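First up is the structure itself, then whatever we jot down about it.
The values are calculated or read from the model by the stated rules, or taken from the named source; none is laboratory data. Worth saying up front: this structure is predicted, and the values here are computed from it rather than measured. Note that each Cβ is placed from the backbone with ideal geometry, even for glycine, and that neighbours are counted across all protein chains shown. Surface areas here come from the heavy atoms of the whole protein model, side chains and all, with no ligands, DNA or RNA. Shrake-Rupley method; radii C 1.70, N 1.55, O 1.52, S 1.80 Å.
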Amino acid sequence: MKLVSLAVAAALGGASFASISAPITPETERFPERIVKFQQLGELEQAKQRLARHGITEKNRPFLFRSLEETLNRKANQPAMAGIMSTSQSTDCQTGKLCSFFKHMGLRSMTRKDGQEYLVLTAVNSEFSTTYYTYIDLTLMNEKGEELVMPSFNEFFGQGTPDEPQKRVSVASVGRMEDVLPKLINSERIFADAYVTVSYEGADGQTVTEIRTSVIEYSPETLLADLGVYKTNGAMAQMATLNNAEAGLATTLPDGYARTTTSILENEITHPVDVKERNEADPSLNRIKVCLNRKYDDCDYEAMYAHGTPNDQLKLLIPFSGFREVMGEVTKIYTPEWNQVAVTYDPNTGAGTKSLIKDAQGQPVTDKPDGLHYGSEIYIQTREGGGASRIGDDYKASDAINLFSDYITLQKGVKNVGGIDYPYTRMSWNIPRNMGVFGDAMLYGRYKDAHWIMNLAVEVEQQRGPRVMTRHFTYVIGSSDMPESNWKDIKHPPMQVVYSCLAKGSLITLANGKHLPIEQLSVGDTVLGASQFAPDQHIPLEIEDISVGVELIPMVKLTTASGKTLLLTESHPVVTVSGLSAWANKVKAGDQIRTQSGIEMITAIEEVKYNDNVYNLKLKRTDSDGTHVTGETFTMFANGLQVGDLAMQGDNEFSDSEITTQDVLNNLPEAWHQDYLNSLKD
C-alpha cells in the first residue's frame, strides 16, 4: 500500500468552499504585488520576513534560524537536497524520511456561541515522522493585497511524546462576516497565502529545516453563492435587507446585493455520518464510530469477518454517499493519476455523461493543471497520525477499478435567485461499503480525530459578466479540525476507529462466585464487579449487552506475581492500585494492579498475535440496587484481574493526557530547548 503524508482539508464544516487554480500569465492575470515581491526574495529572507510578522526572530528562536541557514548552505553544496526548500506542493518525497505537503483546507461560515458570524480560512500540515518544530501561518487577501481576515499562525515544538504523538498542526484565520462580505463583493480575485516551516532530524543526524510557501486562488462567485449572497434588483434587495436584519445577518452589503439565510448551493453527506450517538446540543462532540472488530449498538459502521479470517485480510470498509453543488458547468473530472474524464450534458435533461479522454493510440491523456495537487480522491487518516490511505488501497481484487471518479454522477441545472439565473452542477456519489476500501484495518488505531477528506478535482466553466472563464477547482469536503470550544454548527464529525475486548475463554467471575468463559455469558446474567467510583467495593452487576467481534492487532498478555494471566486488547482498561484505569499496553512490569483477591504486581507483559473472537460486557446495577450515579461505569473480574466494562472502555478509548513543559523538553534535542522556552514567554 502506498501511504501519503497529507496536509489536507480536514476542517470543513457546514459549507465547504472551493479553491481554484489556473495558469497565471502576465498578459491576463497576476498575483497581488505583495505576493510577487515576497516570492522574489531569497529563501532565507522570505523566512525572516514571514516569521517576523508574528514576532518570531533570530533573537527568540536562535536555533531555528541557525538550522535554516545550515540547511540552506548544505542545499547549495548537495544536489540531493535540491528539493528540500520548495515554493510548490509536490507528492514526491524529497528526503526519504519526511514526506509531507501543505494544502489549504478551505473557507467556511462559522458562528460563535455569542451569535457573531465569521468567515474562517483553515489549513493543516501533517507529517509522517515526528518533528522538532512546525510553524504554519495563513491569511486571505484580494488582488489589491488587502487582507480580508486576521492573519494568524501556530507553532508546535516536539510533536508530543512517543505515547502521545501529534503529527498534525492546524491554523485558522478569522474575519467578521459583516466586515468580510463587502470586501468579497468588491474583489475581482481572492487568494489564500500560506507559509510553513518544518524542522526534523535528517538522515545524517543533523537538523533539517524545510520551508514551503503556497498561494491558492478562490472564486469570489462560488464563495458568495455558498454564503447565500446574490445579485438582485432594488425592490428585492430592500425586502432581502429587512429579512436579513430579522435573521441577524450582515446588512452592510453594497447596493444590488442581498443575502439569504442559507447557501444558494446545496450540499449533503449521507455517508459517513454519526447516527448512533448524535449530540444535537453540541455537534462538535459527535464522532463517527467505526468498529473494526465488534458488532455493538453504538457502532455507526461495523465490520464482522468470518471466524478465522487472518488479520492481514481485514480491511477498513466505509460507504461514502452524498452530493455537492458547484457554481458553473463541470466539464472535466481529474483522476488521481491526472487522467481527464470529459463531461457532456444532455440538452433536454441536463444529465452528464462521462468519458475518458484518450490519445490516438488509445491511451489516457494525462494533464495535471497548474495548482491542483490531488485528483478526485477520498482519504482517511491512518493510525500513524500523519499519513493517510486513499480509497481503493489494497482492494482484494487487484484488477478491480475502484476510483472515486467512477462513482461521480453529474446533473446540470439553473437556480433563479433574486430574479437572476445561476447555472450550477450537482456532483453526486454513492460508493457502497464493499467498494469503500481504505487499506488494511491494522493501519488504523485509537485516535479521536481520524479524519476523512474528499477531493473533487474538476474543470469548470463559469460566466463572469460577458466572459466565460475556464478554471480548475478542488472542492474539498471533510471532517472538522477546528477548536470546538468557541464554535457551533460543525456538520461533519471525524471518525473514531475503535477496538475493545477480552480474548475468548477469559473466565468472568459471577455474582455467586462461580466462573464462566466470557463467550458463554448472556444478557441478564449477573457478574461480580464494582463501580469505577468504589473499585474495592464488590457488588453484583447485570449484563446489559455483549460486544463480540474479531481482533485486528496484537493483543496484550499480562502476568501477575501469583501467575494470573489475561489476554486483552491493548486499550482495554485495567484497574491500577490507585483505583484509576490504564490501557493494557500502558501497564509496565512492576506496576501494581487490582485483582479479585487484592493488589498484585505485574511481572511480565507480552504482545501476542491473535486470530479468534473477542468479547466485552456492558454492565449496569441490578434492579434491586437503587443507587444511581451520573456518568458511572463499571469493572468486572476476568481471570481474577479487575478490568473495565464496555462503558468504561468507551470513556478510556482515547488517551487525553496533557503534554507538560517537561514532556516537550524531554522529547526535544537540547539545542531546541531555548527556542521552546522563549516561545512560552511570547
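Computed values, structure above
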quantity	calculated
Restricting region 36-71 to residues that are open to solvent by 50 Å² or more (accessible area, probe 1.4 Å), of a type in the set (S, T, N, Q) and in a helix (DSSP H, G or I), the residue that is nearest to W672 (Cα to Cα)	Q49
Count of residues meeting criterion [modelled with pLDDT under 85 and open to solvent by less than 70 Å² (accessible area, probe 1.4 Å)] in region 366-378	4
Of the criteria (1) surrounded by fewer than 12 Cβ atoms within 10 Å (Cβ to Cβ); (2) in contact with a Phe, Trp or Tyr (Cβ under 7 Å, 6 or more places away or on another chain); (3) among the polar types (S, T, N, Q), which one Q662 fails	(2)
Boolean, Y218 is open to solvent by less than 10 Å² (accessible area, probe 1.4 Å), within 23 Å of L372 (Cα to Cα) and at pLDDT below 90	yes
Region 425-447 - residue that is among the hydrophobic types (A, V, I, L, M, F, W, C) and in a helix (DSSP H, G or I) and, of those, modelled with the lowest pLDDT	M442
Unique residue being open to solvent by 30 Å² or more (accessible area, probe 1.4 Å), more than 30 Å from M110 (Cβ to Cβ) and in a strand (DSSP E or B) when the list is I602, I593, I508, I546	I546
Residue in region 559-568 that is under 19 Å from T633 (Cβ atoms) and open to solvent by 30 Å² or more (accessible area, probe 1.4 Å) present	no
Count of region 610-640 residues which are exposed (fewer than 12 other Cβ atoms within 10 Å of the Cβ), of a type outside the set (S, T, N, Q) and either closer than 24 Å to L516 by Cα or in contact with a helix residue (DSSP H, G or I) (Cβ under 7 Å, 6 or more places away or on another chain) (or both)	1
Residues being free of Cβ contacts under 8 Å to residues at least 40 places away in the same chain and more than 30 Å from P272 (Cα to Cα) - total across region 322-373	14
Cβ pairs under 6 Å, 6+ apart, first in region 410-424 and in a strand (DSSP E or B), second modelled with pLDDT under 90 and among the charged types (D, E, K, R)	V414/D421; I420/K231
Candidate set: region 332-365, residues that are loosely packed, with under 12 Cβ neighbours inside 10 Å and among the polar types (S, T, N, Q); chosen: the one farthest from I408 (Cα to Cα)	Q361
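Per-residue answers, yes or no, for (1) closer than 29 Å to W672 by Cα; (2) at pLDDT below 85; (3) surrounded by fewer than 21 Cβ atoms within 10 Å (Cβ to Cβ); (4) of a type in the set (F, W, Y):
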| residue | (1), (2), (3), (4) |
| --- | --- |
| R108 | no, yes, no, no |
| S129 | yes, yes, yes, no |
| G145 | no, no, yes, no |
| D163 | yes, yes, yes, no |
| V208 | yes, no, no, no |
